[in-house]
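**Q** Here it is, the structure in full.
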Amino acid sequence: MKIITLDLRPVLSILGVFLTGLALTMLVPTSMDLLDNNNNWLGFMMSAAITSFIGVTLILITRGKKEIIEIKSTFLLVTLSWMILSIFSSLPFFFSQNNLGITESFFESVSGLTTTGSTTINNIQDASRGLLLWRAILQWLGGIGIIVSAVSILPSLGVGGMQLFRLESSDSSEKLLPRATSIATEITVLYLFLSGLCAIAYWFSGLSIFDSIIHSMTTIATGGFSSQQGSIGAYNNLSLEIMCILFMIFSSLPFVLYLKAIRGKPYLIFKDEQVQGFFKILISSILIIILYLSFLEDFDFFSSLRSVIFNVTSILTGTGFSTDSYDNWGTPVIVVFLCITFIGGCAGSTTCGIKVFRIQVIFKNSKQMIEKLISPNRVTNHKYNGENLSLEIIESVMTFLFIFILTFFIITLILALTGLDLLTSMSASATSISNVGPGLGNIIGPNFNFSELSNIAKWALSFGMLAGRLEFLTFLVIFSKSFWK
């Protein structure tokens with residue numbers, strides 16, 4: 001059997017650049033805590049020193065090698081990037097004064113970079129401003145990485161049906177990095193613009209400059225980290241909630257469509273099947289919950305509408321902000337929230353989950369199968385946004401869905417074996433692989449966090465967050481024997 005040895009030098013070189021950049025980023029919260037005369041700045045400095053040392057070392061030992069990334073190397077680079085960056089991003093948490101252990105620090109880091117938003121930190125408002133800023137920075141950086149991967153890398157790798165969104169001149173011809181670099185520039189500029197616009201909107205809504213920046217970064221990344229224990233609900237600010245709803249929706253739509261709108265084709269946003277499907281799911285979920293709540297004795301239409309719209313939007317987009325204990329609204333409501341936790345937003349955005357387009361592809365394929373049962377000789381050819389749904393795409397989507405469901409059940413079982421109840425186990429598993437944030441129930445619900453879970457549960461959820469963010473196949477492929485042959 002022929003063995004193909006991967007050239008790891010280009011991968012290690014890029015990882016070195018990433019780590020060096022991460023170390024420089026750590027200087028921002030370092031400065032914040034230094035200005036506040038908070039001793040946490042020492043932890044950030046130590047973390048930056050360790051990270052920069054490893055990063056520069058990787059660059060030096062791989063210098064002189066032209067960075068041409070092959071397909072296998074791309075899979076390895078994407079997976080290792082998220083894993084290695086998560087490890088080094090956890091150092092500031094570990095060295096902080098919040099007494100976080102290795103497990104909690106890694107969990108917090110993974111939750112940040114994958115834009116999940118689950119946390120193990122109690123009384124978060126008492127943490128140093130540097131640490132709060134670091135959490136927001138992780139989610140903001142993770143959001144950029146997610147969009148660039150979804151737009152320029154995953155389609156070329158054919159992961160989970162993402163080839164539907166393959167851009168012009170995008171291919172799988174062993175030279176993916178230049179394409180990723182070119183699209184990253186446009187995406188980053190747009191991402192910066194939306195972040196700034198969101199921060200200004202929050203500031204005008206009454207937040208302090210610091211809180212506006214923190215929440216704008218975690219909103220655009222659909223991450224959900226907050227500087228308040230009670231999340232957005234702690235402010236009890238209607239104008240803030242309205243702005244937050246709008247920017248959560250903006251961030252959950254395909255960013256490529258915004259670029260096309262800027263180039264004079266804004267109508268493409270409303271013609272896009274995925275966008276249409278997203279709004280149908282959003283509006284339907286809101287109406288179903290409002291209809292159910294209207295039969296309750298203490299129902300108040302306007303307050304209920306305000307709370308339902310915000311929290312449904314937050315969970316569907318995978319942001320994870322909360323303004324109410326929606327898990328106390330009744331079993332039917334819990335079922336709806338659990339369903340939209342799985343779905344997520346649109347491909348090409350910062351959201352995760354199954355994603356709207358895969359739901360639509362499955363429905364189209366199911367419809368085609370039913371039509372064949374009725375008329376076996378009938379030839380049907382379904383399209384998605386004008387593109388033919390090939391067998392390759394359908395198989396890719398179905399494979400993704402199978403692994404998604406299998407991972408959900410495995411993590412649920414692991415959590416149940418640690419002694420957690422079924423609702424907590426299921427919602428924790430769902431929120432980790434869908435990168436949403438809060439779970440359901442009296443342990444990890446919107447008013448609680450993940451600090452009470454066992455270390456085994458936290459490691460299982462960390463694995464789920466990484467696997468979900470990397471679209472499962474990208475993550476699992478490097479563990480297959482055939483990958484190294």
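**Q** When you scan region 209-234, how many residues do you find that are farther than 13 Å from L194 by Cβ, part of a helix (DSSP H, G or I) and among the hydrophobic types (A, V, I, L, M, F, W, C)?
**A** So the count comes out to 6.
**Q** Mind checking whether some residue in region 22-36 is outside any helix (DSSP H, G or I), more than 27 Å from the chain's Cα centre (by Cα) and either closer than 12 Å to W134 by Cα or of a type in the set (A, V, I, L, M) (or both)?
**A** Step one: filter region 22-36 for residues outside any helix (DSSP H, G or I), giving 36.
Retained after the next criterion (residues that are more than 27 Å from the chain's Cα centre (by Cα)): 36.
Subsequent filtering for residues that are either closer than 12 Å to W134 by Cα or of a type in the set (A, V, I, L, M) (or both) retains none.
No, region 22-36 contains no residue that is outside any helix (DSSP H, G or I), more than 27 Å from the chain's Cα centre (by Cα) and either closer than 12 Å to W134 by Cα or of a type in the set (A, V, I, L, M) (or both).
**Q** Suppose we filter V361, V336 for residues that are modelled with pLDDT under 95, closer than 24 Å to G277 by Cα and either surrounded by fewer than 16 Cβ atoms within 10 Å (Cβ to Cβ) or out of contact with any Asp or Glu (no Cβ under 9 Å at 6 or more places or on another chain) (or both); which single one remains?
**A** Going through V361, V336 in turn, just one is modelled with pLDDT under 95, closer than 24 Å to G277 by Cα and either surrounded by fewer than 16 Cβ atoms within 10 Å (Cβ to Cβ) or out of contact with any Asp or Glu (no Cβ under 9 Å at 6 or more places or on another chain) (or both): V361.
**Q** Just one of (1) modelled with pLDDT of 95 or more; (2) crowded, with 16+ Cβ neighbours inside 10 Å; (3) more than 30 Å from F255 (Cβ to Cβ); (4) not acidic (D, E) trips up L413, so point out which.
**A** (2) is the only condition that L413 fails.
**Q** Checking the condition part of a helix (DSSP H, G or I), assigned by TED's automatic domain parsing to the domain that holds N442 and more than 30 Å from L453 (Cβ to Cβ), which residue from L338, L413, L373 passes? Explain how you work it out, then say what you get.
**A** Numbers: L338 fails: more than 30 Å from L453 (Cβ to Cβ); L413 fails: more than 30 Å from L453 (Cβ to Cβ).
Exactly one residue qualifies, and that residue is L373.
**Q** Before we move on, is S285 part of a helix (DSSP H, G or I), at pLDDT below 95 and touching a helix residue (DSSP H, G or I) at 6+ places or on another chain (Cβ under 6 Å)?
**A** Working: part of a helix (DSSP H, G or I): yes; at pLDDT below 95: no; touching a helix residue (DSSP H, G or I) at 6+ places or on another chain (Cβ under 6 Å): yes.
No; evaluated as a whole, the condition is false for this residue.
**Q** Provide a single number: the residues in region 82-100 that are in contact with a Ser or Thr (Cβ under 9 Å, 6 or more places away or on another chain) and without any contact (Cβ under 8 Å) to a residue 60 or more places away in the chain. Walk me through how you get there before you give the answer.
**A** At the first step, the residues of region 82-100 found to be in contact with a Ser or Thr (Cβ under 9 Å, 6 or more places away or on another chain) are 82, 85-98, 100.
If we keep only those that are without any contact (Cβ under 8 Å) to a residue 60 or more places away in the chain too, we end up with 87, 90-91, 93-98, 100.
Matching residues across region 82-100 total 10.
**Q** OK, next. From F472, F463, F448, grab the single residue that is aromatic (F, W, Y) and without any contact (Cβ under 8 Å) to a residue 24 or more places away in the chain.
**A** Values: F472 fails: without any contact (Cβ under 8 Å) to a residue 24 or more places away in the chain; F463 fails: without any contact (Cβ under 8 Å) to a residue 24 or more places away in the chain.
Going through F472, F463, F448 in turn, just one is aromatic (F, W, Y) and without any contact (Cβ under 8 Å) to a residue 24 or more places away in the chain: F448.
**Q** When you look at L420, is it more than 23 Å from G233 (Cα to Cα) and either hydroxyl-bearing (S, T, Y) or assigned to a helix (DSSP H, G or I) (or both), yes or no? It would help to see each step written out before you state the result.
**A** Values: more than 23 Å from G233 (Cα to Cα): yes; either hydroxyl-bearing (S, T, Y) or assigned to a helix (DSSP H, G or I) (or both): no.
So L420 fails the test.
**Q** Considering only residues that are surrounded by fewer than 19 Cβ atoms within 10 Å (Cβ to Cβ) and not in a helix (DSSP H, G or I), which ones fall in region 449-467?
**A** Taking region 449-467 as the starting set, the residues that turn out to be surrounded by fewer than 19 Cβ atoms within 10 Å (Cβ to Cβ) are 451-452, 454-456, 459, 463.
Within region 449-467, S451, E452, S454 qualify.
**Q** Can you tell me which residue within region 247-271, out of those that are of a type outside the set (A, V, I, L, M, F, W, C) and in a helix (DSSP H, G or I), is farthest from K383 (Cα to Cα)? Talk me through it step by step, then tell me what you get.
**A** Within region 247-271, the first condition is being of a type outside the set (A, V, I, L, M, F, W, C), and the residues that meet it are 251-252, 254, 258, 260, 263-267, 271.
If we keep only those that are in a helix (DSSP H, G or I) too, we end up with 251, 258, 260, 267, 271.
Numbers: S251: 26, Y258: 23, K260: 21, Y267: 19, K271: 14 Å.
Checked region 247-271; the qualifying residue farthest from K383 (Cα to Cα) is S251.
**Q** From I220, I183, I232, grab the single residue that is over 17 Å from W140 (Cα atoms) and at pLDDT 95 or above.
**A** Details: I220 fails: over 17 Å from W140 (Cα atoms); I183 fails: at pLDDT 95 or above.
Sole residue among the options that is over 17 Å from W140 (Cα atoms) and at pLDDT 95 or above: I232.
**Q** In addition: Restricting to region 225-240, name every residue that is of a type outside the set (G, A, S), buried (at least 22 other Cβ atoms within 10 Å of the Cβ) and out of contact with any Gly (no Cβ under 7 Å at 6 or more places or on another chain).
**A** I232
**Q** While we're looking at this one, here's another question. Condition test on F255, is it at pLDDT below 95, of a type in the set (F, W, Y) and over 17 Å from L133 (Cα atoms)?
**A** Values: at pLDDT below 95: yes; of a type in the set (F, W, Y): yes; over 17 Å from L133 (Cα atoms): yes.
So F255 passes the test.
**Q** Follow-up. Among S170, S156, S149, which is the only one that is modelled with pLDDT under 70, part of a helix (DSSP H, G or I) and within 21 Å of A347 (Cβ to Cβ)?
**A** On the way: S170 fails: part of a helix (DSSP H, G or I); S149 fails: modelled with pLDDT under 70.
On inspection, the qualifying residue turns out to be S156.
**Q** Report every pair of residues separated by at least 6 positions or lying on different chains whose Cβ atoms are under 7 Å apart, first residue within region 286-298 and assigned by TED's automatic domain parsing to the domain that holds V333, second part of a loop (DSSP other than H, G, I, E, B).
**A** From region 286-298, the pairs are Y292/G330; L293/F299; L293/W329.
The values are calculated or read from the model by the stated rules, or taken from the named source; none is laboratory data. Keep in mind the model is a prediction, meaning the values are calculated, not measured. Note that each Cβ is placed from the backbone with ideal geometry, even for glycine, and that neighbours are counted across all protein chains shown.
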